[in-house]
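What follows is a set of notes on a single structure, which appears directly below.
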Amino acid sequence: MLKKSSVAVLGSTGYVGLELVYLLSLKKEININFLGSENNSKINITKIDSRIKKKLPKIKLNKEFDCNENDIVFLCLPHKISQTYVKKFYGKIRIIDLSADFRLDNAITYNKNYSIKHSCPNLLKKFVYGLYEINYDKIKKSKYIAVPGCYPTSVLLPLIPLIKKNLIETDEIIIDSKSGYSGAGKNFNKNNLFKFEENLNFYNYNTNNHRHICEIKQELEKNSKNKVNFSFNPHILPIFRGMMSTMYCNLKRNISIKNVNETLKTSYKDFEDIEIITSDKRVDFNSVQNTNKCFIKLFNHYNSSKVIIVCLLDNLQKGAAGQAIQCMTLMNSSK
C-alpha cells in the first residue's frame, strides 16, 4: 500500500493544471496541500472547474508555496516561468515539471527554440524525460521529471520501439498531427476556429517549425544508430481535447507490417494504457477523450515497403496530466 503523499500544483488554473488537479482529487492516496497561480488567489478551484468535487485549499499565489510542507510539486507553468521555481526548489523537494523547460538536454537547443536563455542549464540533465513506458526504470529512480509534450508523446510511443529494433528507415518519416485546441493553451484565440458556428475552421500551423520538433528529434535519436529526419505538420481542430498523429514510414528491407505489429505488442505488453489495435475497430477521438489511453493502429500502404501508423491519445491526460500522475506513482513506489 502506497504511503499518502502531499502534493502541490503550481499553475493550477490552466487547462493542464485543472486537468491535473481534477485527476489528483480522485485519488485517495493523494493529499492536495497547495494550489497556486501566478496572478489569481483566494479563489475556490471548484468555481473554475465544476468536475472537482473534493474540498481543496483555496488558490494562493505560486510564490507563497512552501516546499517543506509537501512531498512533490507539479509545475504546470509556461516555459521560462517554470525554471525560476525549479532553481528555487531544486534539492528541496521532488519536482514534476509539465513545461518545456527541462525536456531538452542541450541549453543551446533550448535557447534557440524558445528564444530565451535558460537560467539554469546546469540542471537540464538532472531531469529524466518522463515518457512513462519508455523511461520506466529511470523515472522510478529519479526525483526530477520533465513530462513530455503532447505531440512528442503521440509520436515517440509508436516510433521508438520500431527505431530501436531497426524496423523502419529514419531519413524520410512524415508526421501529420491533429490536436484539440486545448493543446495550444488558454491564450489560444478560439475565434480562429469558431468564428462562424455553421462553418467550423481547421488549419495547420508551424509546419516543420514547431518547438516540439527538437524534442521529438532528441528522443528518437537517443534510440537510433543513425540521424533521424522527419517532416512535422501539426494542425488545430475545432474540438477541445484529443490528439491524432499519423506517421508514414519506409520499412527496412524484408520487414513486414506483421513484424511492426509484433514489435509494438511486445514492447507494450506490460502497459495497460497502450493498446495496439489489430482488428477492424475504429480508433477515433471519442475513444480516447477523458482517458489515459493510447491507441496505436497500423494500416497497409499500397506499397508494401511502407507502413502508415496512427496514434491517438488525449492531449490533456496521456499527453500531459495523466502521464505526470503515472510518473508520480512510479516515483512513490520506489520511496
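Bridging of Lys269 to aspartates and glutamates at a Cα separation below 17 Å is possible for Glu133, Asp137, once same-chain residues fewer than 8 apart are set aside.
Two decimals is fine: what's Rg over Rh for the stretch 5-126, C-alpha atoms, Kirkwood radius as Rh? Show your work: numbers first, answer last.
Numbers: Rg = 14.7 Å, Rh = 14.8 Å.
With Rg and the Kirkwood Rh in hand, the quotient comes to 0.99.
Taking Cα atoms of the stretch 102-166, Rg/Rh with Kirkwood Rh, to two decimals? Looking at the stretch 102-166, the ratio lands at 1.01. Straight-line reach from Lys87: taking Cα to Cα under 17 Å and skipping same-chain neighbours fewer than 8 places apart, the lysines in range are Lys63, Lys117, Lys125, Lys126, Lys143.
Give the calculated FRET efficiency between Lys87 and Asn189 to the nearest 0.05, with a Förster radius of 35 Å applied to their Cβ-Cβ distance. For Lys87 and Asn189, the calculated efficiency is 0.65.
Around Val310, what is the net charge, scoring Lys/Arg as +1 and Asp/Glu as -1 over all other residues with Cβ under 13 Å from its Cβ? Provide the component values of the computation, followed by the final result.
Details: positive: Lys178, Lys281, Arg282, Lys297; negative: Asp176, Glu275, Asp284.
Around Val310, the charge tally is +1.
From the Kirkwood radius over Cα pairs of the stretch 126-199, Stokes-Einstein at 25 °C and 0.890 mPa s returns a whole-number translational diffusion coefficient of 160 µm²/s.
Classify the stretch 108-242 from the C-alpha gyration tensor, please: rounded if a/c falls under 1.5, else prolate or oblate depending on whether a/b exceeds b/c. Display every interim value, and only then the final one.
Details: a/c = 1.90, a/b = 1.46, b/c = 1.30.
Because a/c hits 1.5 or more and a/b exceeds b/c, the stretch 108-242 counts as prolate.
Positive-end ranking of Asn31, Leu98, Asn122 along the dipole of the stretch 15-133, with charges on Cβ about the Cα centre, is headed by Asn31. Pairs exceeding a 28 Å alpha-carbon distance, out of Lys92/Lys141; Lys27/Lys165; Lys27/Lys178; Lys178/Lys217: Lys27/Lys165; Lys27/Lys178.
For Asn254 and Ile277, the FRET efficiency from 1/(1 + (r/R0)^6), where r spans their Cβ atoms and R0 equals 25 Å, is about 0.50. For the stretch 151-315, the normalised intensity computed at q = 0.12, 0.14 Å⁻¹ comes to -0.54, -0.73 (log10 of I(q)/I(0), Debye sum over alpha carbons, equal scatterers, no solvent).
Starting from 0.36 nm per residue, how many nanometres of slack lie between Ser41 and Lys55 once their C-alpha separation is accounted for?
Values: separation 14, 0.36 × 14 = 5.04 nm, distance 1.62 nm.
Extending this stretch completely gives an extra 3.4 nm.
Summary value for the chain: 17 percent relative contact order, contacts being C-alpha pairs under 8 angstrom separated by 6+ residues. Of all the options Lys265, Lys112, Lys60, the one that moves most in a Gaussian network model of the chain with Cα springs shorter than 10 angstrom is Lys112. Charge dipole of the chain (Cα centre as origin; +1 on each Lys and Arg Cβ, -1 on each Asp and Glu Cβ, all else neutral): 880 debye, rounded to the nearest 20.
Around Asn261, under 13 Å between beta carbons, what's the net of Lys plus Arg minus Asp minus Glu among the other residues? Write down the numbers at each step before the final one.
Working: positive: Lys165, Lys258, Lys265, Lys269, Lys297; negative: Glu262, Glu275.
Once positives and negatives cancel, what remains is +3.
On the beta carbon distance between Asn204 and Asp66, with R0 = 30 Å, the FRET formula returns roughly 0.10.
Taking each pair of different alpha-carbon atoms in the stretch 235-297 once, compute 1/r for the pair, average those values, and report the inverse of that mean as the Kirkwood hydrodynamic radius in Å to one decimal. Each step should come with its number before you reach the end.
Details: mean 1/r = 0.0736 Å⁻¹.
Value: 13.6 Å, from the Cα pair sum.
Per-residue ellipticity at 222 nm, computed for the chain from helices alone with -39500 (n - 2.57) per DSSP H run of at least four residues, works out to -7500 deg cm²/dmol. Simple spin-label estimate for Lys265 and Lys126 gives 4.4 nm between the two label positions (7 Å along the Cα-to-Cβ direction from each Cα).
Ser25 sits among other residues whose Cβ lies under 13 Å from its own Cβ, and their net charge, with Lys and Arg +1 and Asp and Glu -1, is +3.
The numbers here are math on the coordinates, done by the rules we state, and not lab data. The structure presented is a predicted model; accordingly, all values stated were derived computationally and were not measured. Ideal geometry is used to build each Cβ from the backbone, glycine not excepted, and the neighbour counts take in all protein chains shown.
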